[in-house]
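A.B. asks: Before we start, here is the structure in question, set down as C-alpha cells.
Every read-out reported here was derived from the displayed coordinates using simple, explicitly stated rules and does not represent laboratory data. Source: prediction; values computed, not measured. Positions of Cβ are generated from backbone atoms using ideal geometry, with glycine treated the same way; all protein chains shown enter the neighbour counts.
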C-alpha cells in the first residue's frame, strides 16, 4: 500500500512538474513576426499537408517548436491559430522595438521581385495601417508612404483592361492610378504622387533622392515610337526631373547613360521630316536638356548627349 501511495504521489508531482514546465515555456516562447504575405499555417512541418488557415504579413506569432532540419517553425497566432510555416517567412523580434522590426520587414519586402496582385494587395493594406503607428519618425513615415505607392503601382500593372477582378480596387484608387489605352496600355500610378512626396522631404536626406529615383524610373503609359518631340519631352518629365533636382545624385549617371542609349538609336535626320512646329519644339527641348546636363558631372555619356543636342 505504501508503494502504491508513493507511486500516486510521485505521479501527481510528475504531472504538476510537466504542467508547470509547459506554462513556463508558453510564457517564455519567442515572439516572431510574419515577413511574407499570404503565409499559410500547415498542419505538418513538411509544409505540404493540409493548412489551418493563413496569417498576414506583420502579424506577431509565438514560436512553439522548430522542425528537426530548422526549415519549419510551429507557431501560434494571437487569434489562437496554430500551424507550421517556413522559417524564411518570419523574423524573430528578439527584444527589439516592434516598430523597428516591422519597418525592416516592409523595407525587405520592397526589395523582393514583383508578385501577383493578391500579395501586394495585402501588403498595401498592411503598410496603410502601419502608418498609423505614432512611434515612427517623419522620415520613416515618408519611406513607408513610398512603399505604399510602389505597391499600388505593382497592383495597377496587373490589372488588365478587360478584367474586372480588381474593379473595386480601381474604383477606390481613382486618385492614385490612371488608365492609358495607347501603346503600353493599362493602369499606372500617377507619378506626380511620388514627386509631391519628394518635394515634401528635407534636402540632403537619402530618402528624398530615393523617391526621386523611383518617380523618374516609374513605368508610365503610352509609347513614343522614336518620335523626337515625344522622346525628349517624356525623358524630361522622368530623367530630366531627377537630374534637375539631384544633378550629383547617386543615380545621375544611370539616367544620363540610359538617355544616351535611347537617343543614340534615333536617326537625327528624321527631325527634318517633322513639321515646323515639332522641329521648333525639338530644338527647344534640346536647349533645355543642355541646361540640365550643364549641372551634371562630366562623363563620356554626357559628352555624347551634348554632341547629339548640338546637331539638333
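A.B. asks: Rank by packing, highest mean first: peptides 121-134, 86-99, with packing defined as the count of other Cβ atoms within 10 Å averaged across residues.
C.D. replies: For the peptides 121-134, 86-99, the packing ranking is 121-134, 86-99.
A.B. asks: Now a separate question. Please arrange 109, 182 by counting, for each residue, the other beta carbons lying within 10 Å of its beta carbon, fewest first.
C.D. replies: In order of increasing Cβ crowding within 10 Å: 182, 109.
A.B. asks: Give me the extension gain from residue 50 to residue 230: residue separation times 0.36 nm, minus the current Cα-Cα distance, reported in nm with one decimal.
C.D. replies: This chain segment gains 59.3 nm when fully extended.
A.B. asks: Multiplying the sequence separation of residue 311 and residue 261 by 0.36 nm and subtracting their Cα-Cα distance, what value in nm do you get?
C.D. replies: 16.4 nm
A.B. asks: Okay, next question. Going by how many other Cβ atoms sit within 10 Å of their own, how do 232, 305, 64 line up, fewest first?
C.D. replies: In increasing order of surrounding Cβ atoms, one gets 64, 305, 232.
A.B. asks: Another question, then. Just to confirm my numbers, what's the Cα centroid distance between segment 187-241 and segment 137-156 in Å?
C.D. replies: Between the Cα centre of segment 187-241 and that of segment 137-156, the gap is 15 Å.
A.B. asks: For segment 194-312, what relative contact order do you get, as a whole percent, if you take Cα pairs closer than 8 Å and at least 6 residues apart?
C.D. replies: In percent, rounded to a whole number, it is 25.
A.B. asks: Sticking with this one: So, R0 is 30 Å and r is the distance between the beta-carbons of residue 181 and residue 291; what FRET efficiency does that work out to, to 0.05?
C.D. replies: Here the calculated transfer efficiency is 0.30.
A.B. asks: With r defined as the distance between the Cβ atoms of residue 283 and residue 128 and R0 fixed at 51 Å, what FRET efficiency is calculated, to the nearest 0.05?
C.D. replies: Efficiency at R0 = 51 Å is approximately 0.65.
A.B. asks: Please list log₁₀ I(q)/I(0) at q = 0.18, 0.20, 0.22, 0.23 Å⁻¹ for segment 53-158, using the Debye equation with identical point scatterers on the alpha-carbon positions.
C.D. replies: Per q value, in the given order, log10 I(q)/I(0) is -0.97, -1.13, -1.25, -1.30.
A.B. asks: Give me the compactness ratio for the chain, meaning the Cα radius of gyration over 2.2 N^0.38 Å.
C.D. replies: Expressed relative to 2.2 N^0.38 Å, the Cα Rg reads 1.44.
A.B. asks: Let me ask another. Scaled to the compact-protein estimate 2.2 N^0.38 Å, what is the alpha-carbon radius of gyration of segment 224-312, rounded to two decimal places?
C.D. replies: Taking the Cα Rg and dividing by 2.2 N^0.38 Å, one obtains 1.02.
A.B. asks: Evaluate the relative contact order of the chain (contact order divided by residue number), counting alpha-carbon pairs under 8 angstrom at least 6 apart; express in whole percent.
C.D. replies: Relative contact order here is 10 percent.
A.B. asks: Oh, and also: When 114, 233, 214 are ordered from fewest to most other Cβ atoms inside 10 Å of their Cβ, what list results?
C.D. replies: Neighbour counts put them in this order, fewest first: 114, 233, 214.
A.B. asks: Dividing the convex hull volume of the Cα atoms of segment 97-222 by its residue count, what figure in Å³ per residue is obtained?
C.D. replies: Expressed per residue, the convex hull around the Cα atoms of segment 97-222 is 109 Å³.
A.B. asks: Between residue 81 and residue 141, what's the calculated FRET efficiency when r is the beta-carbon distance and R0 is 30 Å? Round to 0.05.
C.D. replies: For residue 81 and residue 141, the calculated efficiency is 0.45.
A.B. asks: Determine the gain in length on full extension of the stretch residue 98-residue 66; use 0.36 nm per residue of separation and subtract their C-alpha separation, reporting nm with one decimal.
C.D. replies: Computed gain between residue 98 and residue 66 is 9.3 nm.
A.B. asks: Now for a different question. What does a probe at residue 248 reach in segment 273-312, counting residues whose amide N is under 18 Å from the point 7 Å along Cα→Cβ?
C.D. replies: 292-299
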